[in-house]
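Visitor: Handing you a structure now.
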Amino acid sequence: MRVVDIGGGLGIDYDGSKSPDSGLSVAYELDDYASMVVDVIRSVCDRRSVKHPILCSESGRAIASHHSVLIFEAVSASTYEVPSMSSIELQYLDGLTDDARVDYQNLSAAACMGEYETCLLYADQLKQRCIEKFKDGCLGMEQLAAVDGLCALISKAVGELDSVRSYHVNLSIFTSIPDFWGIDQLFPIVPIHRLDQRPSVRGILSDLTCDSDGKIDKFIGGESSLPLHEMEGNGNLSGGGGRYYLGMFLGGAYEEALGGVHNLFGGPSVIRVMQSDGPHSFAVTRTVPGPSSGDILRVMQYEPELMFETLKHRAEEFGQEDDDGGEGIANSLAMSFRNMPYLGSPSSCFNDTEYNGAVDSGAGDDAEQWTYCYA
């Protein structure tokens, strides 16, 4: 054979440890990998008196992962506060099954003796047992909720329940970071601004989809939360504070290809950056807006132009008594079809009242379209 394709398999140092004991790292360099492959094939060929072939590889992840950075915005943050339990909720604990009641009694005894580690052990055992009983239909929703509340109170009392905040980020995990959800792949994620300030809180990342799996609660280094900064403006959209951006690294190639249109979010916008000799050593060469809501509807075999005309007609019917005859609603509808599905303020550059099929991603000037893309 003149050519031997050795396939892929070249690892990536995701966590920076360069340790053979880490599933997210590699303990070798590119030269080590190449030398090992060449030595083995050369040895086999020499034993068989076969002419040395040309070697090629397909290590796509190792080649392309570093070229892309996913930048996304945290739009708000919230903290879970453990609620107190009422006497009515406590009464539901009397309806536990026999084995769960034994766990509850052991938990109570450990609490009275101040054995906090044992308390946590029995609390976790009680919770898991009750979850299984609930799945089997042997336990009601009220009992399960009471047990969950009790376990949360115990964790808070012994100091095991940290005040970890949920940072709501303007993306879909399934679309932009599918390998985290699908194969538990961890990627380096860090704040990319306010870097002159020390992070003061810890948080997990929750996306804007309706799926409960749309969150990131595992991070590099075995951490279950990420050091983050306080959200300005009280951590909500109406607070008037500044934006807070984070970056996910080493996700080039596969994350973009796997994402698709899960949750109907579509892909994020793309900025192409090249090295240059300018004062900042880089130059933005192109900006490509992500697909609009109309684009995504068309991919799903709908007809956004027809949908817009129908909705516009209905708006005009119900807006006959208004001063603008429903024109304001029609303008808002047009904006909705043209804008991306992500959160963001509509641009003032779209003032026309007609949709006119402008949802095509290629319509209009790139710079003008970019003004309403915030993903």
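The values are calculated or read from the model by the stated rules, or taken from the named source; none is laboratory data. Worth saying up front: this structure is predicted, and the values here are computed from it rather than measured. So basically every Cβ, Gly included, is an ideal-geometry build from the backbone, and we count neighbours across all protein chains shown. Quick note on the areas: whole protein, heavy atoms, side chains included, nothing else; ligands and nucleic acids left out. Shrake-Rupley method; radii C 1.70, N 1.55, O 1.52, S 1.80 Å.
Visitor: Considering only residues of region 225-236 that are part of a loop (DSSP other than H, G, I, E, B) and not small (G, A, S), which is least open to solvent (accessible area, probe 1.4 Å)?
Guide: H229
Visitor: What number of residues in region 22-49 are more than 30 Å from G222 (Cα to Cα) and either free of Cβ contacts under 8 Å to residues at least 24 places away in the same chain or acidic (D, E) (or both)?
Guide: 14
Visitor: Here is a follow-up. Sort out which residues of region 6-38 are within 19 Å of H66 (Cα to Cα) and either in contact with a strand residue (DSSP E or B) (Cβ under 7 Å, 6 or more places away or on another chain) or of a type in the set (G, A, S) (or both), and write them in order of number.
Guide: G8, G9, G11, G16, S17, G23, S25, A27
Visitor: Separate question: Of the residues E73, E58, which single one is part of a loop (DSSP other than H, G, I, E, B), under 30 Å from I177 (Cβ atoms) and touching a strand residue (DSSP E or B) at 6+ places or on another chain (Cβ under 8 Å)? Write out each step before concluding.
Guide: Working: E73 fails: part of a loop (DSSP other than H, G, I, E, B).
After applying the criteria, what remains is E58.
Visitor: Do you know which of the residues in region 73-90 that are at pLDDT 70 or above and surrounded by 12 or more Cβ atoms within 10 Å (Cβ to Cβ) is nearest to P268 (Cα to Cα)?
Guide: E73
Visitor: Among the listed residues D124, D103, identify the single one that is more than 30 Å from the chain's Cα centre (by Cα) and among the acidic types (D, E).
Guide: Working: D124 fails: more than 30 Å from the chain's Cα centre (by Cα).
Step by step, each of D124, D103 is checked, and only D103 is more than 30 Å from the chain's Cα centre (by Cα) and among the acidic types (D, E).
Visitor: Let me ask something additional. Across region 261-281, what is the total count of residues that are under 22 Å from S292 (Cα atoms) and exposed (fewer than 14 other Cβ atoms within 10 Å of the Cβ)?
Guide: 1
Visitor: Scan region 123-145 for residues that are under 15 Å from S155 (Cβ atoms) and either open to solvent by 60 Å² or more (accessible area, probe 1.4 Å) or in contact with a Ser or Thr (Cβ under 6 Å, 6 or more places away or on another chain) (or both) and jot them down.
Guide: Within region 123-145, D124, Q125, K127, Q128 meet the criteria.
Visitor: Could you list, in sequence order, the residues of region 107-121 that are crowded, with 17+ Cβ neighbours inside 10 Å and farther than 20 Å from E142 by Cα?
Guide: A110, A111, C119, L120
Visitor: Please find, among V3, V50, V69, V26, the residue that is of a type outside the set (D, E, K, R), surrounded by 11 or more Cβ atoms within 10 Å (Cβ to Cβ) and over 34 Å from the mean Cα position of the chain (by Cα).
Guide: So the residue among V3, V50, V69, V26 that is of a type outside the set (D, E, K, R), surrounded by 11 or more Cβ atoms within 10 Å (Cβ to Cβ) and over 34 Å from the mean Cα position of the chain (by Cα) is V50.
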